[in-house]
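In what follows, a single structure is set out as structure tokens and then discussed.
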Amino acid sequence: MDQKIALIAGAGPAGLTAAYELLARTDIKPLVCESTDAIGGIAQTFNYKGNRIDIGGHRFFSKSDRVMNWWFNILPKQGAPAADTADKNHEIEYATEAVIKYLCPECADGVTEGELRIAEKSDIRNPHSVIRNRPAPDPEKEDAVMLQRPRLSRIFYRKHFFPYPITITLNVARRLGLWNTFLIGLSYIRAQMFPLKDETYLDAFFTNRFGHRLYKTFFEKYTEKVWGIPCNQIRADWGAQRIKGLSLKRAVVHAVKDLLSSDFSKAQQERETSLITRFFYPKFGPGQMWETVTEQVKKCGAEVRMKTRVAGVHLTDGKVTSATVENIETGKREEIACDYFFSTMPIKHLVGMMTPRPPATVVEVAEGLQYRDFLTVGLLLSKLHVQERGKVVAERVPDNWIYIQEGDVRVGRVQIFNNWSPYMVKDWKNTVWIGLEYFVNEGGDLWIKPDQDMIDLGVHEMEKIGFLQKADVLDACVLRMPKAYPAYWGSFEQLHVVRDYVNTIPNLYLVGRNGMHRYNNQDHSMLTAMMAVDNICEGRTDKMNLWDVNLEMAYHEEKKS
Ligand SMILES: Cc1cc2nc3c(=O)[nH]c(=O)nc-3n(C[C@H](O)[C@H](O)[C@H](O)COP(=O)(O)OP(=O)(O)OC[C@H]3O[C@@H](n4cnc5c(N)ncnc54)[C@H](O)[C@@H]3O)c2cc1C
């Protein structure tokens with residue numbers, strides 16, 4: 001009997017997870033088509049002359065053990081200090097042993113046969129699966145390793161640093177001014193006593209949780225930079241997913257709990273996602289995870305075609321029967337028959353390329369979906385020059401990333417890649433590698449700016465807010481990522497029309513972030529792919545469980561705290 005084929009559009013976290021899970025648990029052959037020349041989608045790592053950029057900064061943290069264990073099975077937790085651990089005095093919980101389950105012996109490249117044993121009973125159905133017990137890897141000696149990193153991100157505002165998420169401490173009150181802090185307190189109390197009834201939009205959502213004055217100070221300008229439209233036009237769903245369960249009261253409670261906690265792991269598991277103070281990170285950034293997964297699935301029988309765009313999805317009798325793929329270099333097109341189709345591409349594109357054409361209402365909703373795009377200016381510096389008010393100039397800062405609150409510059413956030421992993425920077429001791437993040441619109445003024453002009457703008461803005469000096473810039477590059485954020489406006493409210501239509505097609509699976517038009521992090525993007533394969537294994541045709549992922553309450557992988 002011919003082997004069944006699952007065509008997967010996109011080699012990002014969701015597409016590659018689907019490929020891995022299909023190999024692990026079914027006899028279906030995955031064929032992944034990726035339109036670009038990069039593995040990892042938004043979670044790729046861009047390598048510029050040995051200095052690596054992570055688009056947006058990808059913390060590896062999930063409340064789902066299924067996802068956490070999956071990641072550690074690919075890149076095991078570190079068992080020894082990283083290059084900068086002693087230097088920065090980092091506290092790390094080292095692993096001692098790693099138990100790795102490989103899809104097939106070929107994945108365990110360089111491992112002697114004696115070290116491997118056959119996986120007897122496991123979630124992996126693949127008869128070639130093997131297991132290896134080994135000491136946890138030393139990041140100074142091996143590359144396939146997951147680092148544990150401290151999280152620090154702060155807000156830079158009027159030449160002061162403020163904690164992120166905002167907590168009201170004595171220091172913060174001093175920086176804001178005591179009178180201002182008093183008014184913030186009053187405005188918070190007022191919001192608690194007389195909350196706004198209609199929380200449809202973000203301004204009300206933030207005001208009810210933080211008070212109007214704190215919202216104006218710390219949330220309004222930054223959020224508007226991210227989305228490019230006023231907060232009173234952005235639906236609160238984004239805020240609800242972005243800062244799940246967070247409020248000023250909880251932020252204060254967590255700060256106190258943290259100080260008193262004797263069991264860090266437990267405290268961390270129970271914490272709201274926005275407040276996590278340590279996270280995991282691959283030695284060479286998020287792309288390393290997905291490049292490693294790609295290598296493994298290829299060795300175990302998947303095909304991964306790069307620079308190959310899915311250009312058409314064809315249905316016969318209500319099922320996907322083939323897809324047209326196009327080589328983006330040669331323009332050559334080919335129609336490939338498939339038994340299953342996984343889409344991680346933007347819904348707008350998928351619906352637009354389906355034949356026969358879906359009902360007009362479905363097409364209209366898909367076409368109305370909106371996105372926000374992302375641009376990073378990478379700057380290699382000999383040092384920073386951070387002028388915090390009342391302090392000596394700092395040449396280094398401990399943050400992973402910093403929110404730029406000032407309204408008179410367009411840069412939204414600054415990543416300091418040295419602090420994510422020293423291995424992201426070619427010479428981490430003598431240079432500082434940063435990423436200036438701009439939230440933009442594809443085709444807008446910043447998007448179309450020539451790279452050099454964009455670099456000049458970035459350097460100028462950072463000098464203006466007192467962060468660096470032009471003379472310290474050694475090298476620079478620009479990176480553009482279209483459709484980084486699925487927007488919660490446009491036709492978003494009618495997304496159910498598309499969902500209900502695609503759910504009638506039994507072998508079509510919409511998974512991931514843009515694939516479902518949802519603000520999913522890697523873990524939720526992966527879970528949708530895992531659960532799609534669960535459904536195939538269980539013969540389940542109703543796909544509503546995929547759409548329930550990341551709706552916190554209905555999310556069955558969620559830990560009970
Ligand atoms: C600024 C920012 C910060 C983030 N921070 C975190 C974080 O800290 N932690 C975390 O876990 N997650 C984070 N995320 C989210 C994470 O990036 C996504 O959840 C994840 O990348 C989504 O995976 P995906 O496979 O669904 O989609 P994508 O990563 O978008 O991958 C989709 C792939 O499909 C390809 N494609 C599109 N159309 C086609 C086509 N027609 N044919 C073939 N290929 C196609 C694309 O080129 C892309 O490679 C962040 C995202 C952003 C934007």
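Points worth noting:
- Selection count, the stretch 27-56, where residues are assigned to a loop (DSSP other than H, G, I, E, B) and modelled with pLDDT of 95 or more: 12
- Residue count, the stretch 352-392 (criterion: among the aliphatic types (A, V, I, L, M), more than 16 Å from the ligand (Cβ to nearest atom) and within 30 Å of the chain's Cα centre (by Cα)): 8
- Residue ranges of strands (runs of 3 or more DSSP E) in the stretch 103-155 with at least 1 members modelled with pLDDT under 80: 116-118
- Gly444 passes every criterion in (1) touching a strand residue (DSSP E or B) at 6+ places or on another chain (Cβ under 6 Å); (2) more than 23 Å from Glu142 (Cβ to Cβ); (3) not basic (Lys, Arg) apart from (1).
- Identification of helices (runs of 4 or more DSSP H) wholly contained in the stretch 206-294 with 2 or more residues that are closer than 24 Å to Pro81 by Cα, polar (S, T, N, Q) and modelled with pLDDT under 90 yields 264-270.
- Strands (runs of 3 or more DSSP E) fully within the stretch 327-394 that include at least 3 residues being free of Cβ contacts under 8 Å to residues at least 12 places away in the same chain and not assigned by TED's automatic domain parsing to the domain that holds Leu176: none found.
- Condition met for Arg499 (of a type in the set (Lys, Arg), more than 16 Å from Ile347 (Cβ to Cβ) and more than 10 Å from the ligand (Cβ to nearest atom)): no
- Failed item, numbered, when Asp399 is tested on (1) within 15 Å of the ligand (Cβ to nearest atom); (2) without any contact (Cβ under 8 Å) to a residue 40 or more places away in the chain; (3) among the acidic types (Asp, Glu): (2)
- Test: residue in the stretch 374-395 that is among the basic types (Lys, Arg) and more than 30 Å from Lys88 (Cα to Cα): no
- Selection from the stretch 517-545 of residues that are of a type in the set (S, T, N, Q) and either surrounded by 23 or more Cβ atoms within 10 Å (Cβ to Cβ) or within 14 Å of the ligand (Cβ to nearest atom) (or both): Asn520, Asn521, Gln522, Ser525, Thr528
- Residue within the stretch 412-432 that is part of a strand (DSSP E or B), crowded, with 22+ Cβ neighbours inside 10 Å and in contact with a helix residue (DSSP H, G or I) (Cβ under 7 Å, 6 or more places away or on another chain) present: yes
- Scanning the stretch 105-115 for residues that are closer than 19 Å to Asn69 by Cα and touching a strand residue (DSSP E or B) at 6+ places or on another chain (Cβ under 7 Å) yields one hit, Ala108.
- Qualifying position, being farther than 30 Å from Leu381 by Cα, more than 10 Å from the ligand (Cβ to nearest atom), in the same structural domain as Arg52 (by TED's automatic domain parsing) and of a type outside the set (A, V, I, L, M, F, W, C), among Asn514, Asn507: Asn507
- Sole residue being within 17 Å of Met146 (Cα to Cα) and buried (at least 17 other Cβ atoms within 10 Å of the Cβ), chosen from Asp84, Asp65: Asp84
- Across the stretch 330-345, the qualifying residues are those that are hydrophobic (A, V, I, L, M, F, W, C) and within 23 Å of the chain's Cα centre (by Cα), and the one among them that is nearest to Ser35 (Cα to Cα) is Met345.
- Criterion: small (Gly, Ala, Ser) and assigned to a loop (DSSP other than H, G, I, E, B) - qualifying residue of Gly435, Gly458, Gly466: Gly466
- Pairs linking a residue in the stretch 522-547 that is under 24 Å from Trp290 (Cα atoms) and acidic (Asp, Glu) to a residue that is in a helix (DSSP H, G or I) and within 16 Å of the ligand (Cβ to nearest atom), with Cβ atoms under 8 Å and 6 or more positions apart or on different chains, are Asp523/Val67.
- Selected residue [among the polar types (S, T, N, Q) and free of Cβ contacts under 8 Å to residues at least 12 places away in the same chain] from Asn51, Asn47: Asn47
- Checking each residue in the stretch 19-41 for being crowded, with 24+ Cβ neighbours inside 10 Å, within 9 Å of the ligand (Cβ to nearest atom) and hydrophobic (A, V, I, L, M, F, W, C) picks out Val32, Cys33, Ile39.
- Flag not set for Lys88, criterion: away from the ligand (no atom under 16 Å from the Cβ), over 19 Å from the mean Cα position of the chain (by Cα) and closer than 29 Å to Leu546 by Cβ.
- Single unsatisfied condition, Arg66 versus (1) within 15 Å of the ligand (Cβ to nearest atom); (2) more than 16 Å from the chain's Cα centre (by Cα); (3) assigned to a strand (DSSP E or B): (3)
- Breaking point among (1) touching a residue at least 24 places away in the same chain (Cβ under 8 Å); (2) in contact with a helix residue (DSSP H, G or I) (Cβ under 8 Å, 6 or more places away or on another chain); (3) buried (at least 17 other Cβ atoms within 10 Å of the Cβ); (4) not small (Gly, Ala, Ser), for Phe467: (2)
- Of the residues making up the stretch 69-85, just one is within 16 Å of the ligand (Cβ to nearest atom) and without any contact (Cβ under 8 Å) to a residue 60 or more places away in the chain, namely Asn69.
- Residues being near the ligand (Cβ under 10 Å from one of its atoms) and out of contact with any helix residue (DSSP H, G or I) (no Cβ under 6 Å at 6 or more places or on another chain) - total across the stretch 325-351: 7
The values are calculated or read from the model by the stated rules, or taken from the named source; none is laboratory data. On a predicted model such as this, the values are computed, not experimentally measured, just so you know. Glycine gets a Cβ as well: all are built from the backbone with ideal geometry, and neighbour counts include every protein chain shown.
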